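Have a look at the structure below before the remarks.
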Amino acid sequence: MILGMSHMGLTVSELDASLNYYQKNLGFTVLSDAERKGEWVEKITGIPGFHTRTVYLSLSPCHHFEVFGFFQPKVIPMERGNHFRVGIPGCVLKTDRVESLLVRDDPEETRRWVPLLGRKEEPFGPCRIIHLRDPDGLSLRVMEEKDIRVKGRSAPVGLLYPIFLVEKLEAALSFYRDRLGLNVDGQGENSPEEVEGDASSAERRVRWALLRSKTGFSLKLVSPVDSAVLPAAPWKMQRIGFTHVAFGVESLGEYYLKLRDKVNFKSPPTSVSAGPHQGGQAVYLTSPEGITLEFIDSPLIRESWKMKCNP
């Protein structure tokens, strides 16, 4: 059973520059900094010769960014363009005071996000939102929520949920809700929004669904209704961008056996030999539309979720 969303993986071009951005501007703290290589990580990821410096940045005891700086294979540039493609285009962060952050709204990111998510972060209603780009152009949407009370939060911002862009919302719901067991917290359709300089954006409609686990929000599905959506690109972890989303699970071995004939796993569960989840097990899998996920069960997962630090 899925306990909750644990972390988001992201591959960057210059690790030190990215670490400086997230630590200085958003207050993330380093939880773990270690090289990853060897048979165990090759088995989990399915990437021969895998070799990275991997840094876990902490937003709270429950939520992290897993940042990859690749030595092998070589980093692939991020795909850029104005089209919609199945994948993980970004995430929504939360803060109780936007002014406390050392970054300001990026107009170009606003133009990119409004046609997809609107000017409001549904289902939360009117609230202040800013849009950011990290040094590689990865998209971050920050929502101001005045009454945040997150026990043990270690950064000025918290991770609310990742955004999954899908082609067919109902098909995606049948996987995440019916197969993986997540619950629908809310769903609807964004009101058309016109972006300055782009009158056609007012004609686009986007359906959304917010999914929750037993401990809190896990992900948000968004599906453009009136726009073409390209299929997911072949998964390459060394491509700059958000690579995958990891979910903490309870009794991974049992959960894997329950799902192995219904889900596209990359391997059986494998022991984790380095990093904050050392002593646990992890397995990667692919959704029917081609989004890469990870299930992980570790002492850190079990201990952190006891704190109930999700909303």
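Collect the residues in the stretch 264-311 that are open to solvent by 20 Å² or more (accessible area, probe 1.4 Å), at pLDDT 90 or above, in contact with a Pro (Cβ under 8 Å, 6 or more places away or on another chain) and in a loop (DSSP other than H, G, I, E, B), keeping them in residue-number order. Answer for the stretch 264-311, where residues must be open to solvent by 20 Å² or more (accessible area, probe 1.4 Å), at pLDDT 90 or above, in contact with a Pro (Cβ under 8 Å, 6 or more places away or on another chain) and in a loop (DSSP other than H, G, I, E, B): Gly279, Glu289, Gly290. When you check Arg85 against the structure, is it closer than 18 Å to Ile163 by Cα and surrounded by fewer than 21 Cβ atoms within 10 Å (Cβ to Cβ), yes or no? The answer is yes for Arg85.
Within the stretch 215-229, restricting attention to residues that are part of a loop (DSSP other than H, G, I, E, B) and of a type outside the set (A, V, I, L, M), the residue that is nearest to Asn190 (Cα to Cα) is Asp226. On the stretch given as the stretch 12-71, residues that are among the small types (Gly, Ala, Ser), within 27 Å of Lys306 (Cβ to Cβ), part of a strand (DSSP E or B) and within 18 Å of the chain's Cα centre (by Cα) total 1.
All told, Val67 falls short of being open to solvent by less than 10 Å² (accessible area, probe 1.4 Å), in contact with an Asp or Glu (Cβ under 6 Å, 6 or more places away or on another chain) and more than 13 Å from Leu159 (Cβ to Cβ). List every residue pair whose Cβ atoms sit under 7 Å apart, with the two residues 6 or more apart in sequence or on different chains, where the first one lies in the stretch 113-126 and is open to solvent by 40 Å² or more (accessible area, probe 1.4 Å) and the second, anywhere, is acidic (Asp, Glu). Within 7 Å, the pairs are Arg119/Glu193.
The values are calculated or read from the model by the stated rules, or taken from the named source; none is laboratory data. These figures come from a predicted structure and were not determined experimentally. Because the Cβ atoms are built from the backbone with ideal geometry, glycine has one as well, and the counts that use them run over all protein chains shown. Note: accessible area is taken over every heavy atom of the protein model, side chains too, but ligands, DNA and RNA are not part of it. Shrake-Rupley method; radii C 1.70, N 1.55, O 1.52, S 1.80 Å.
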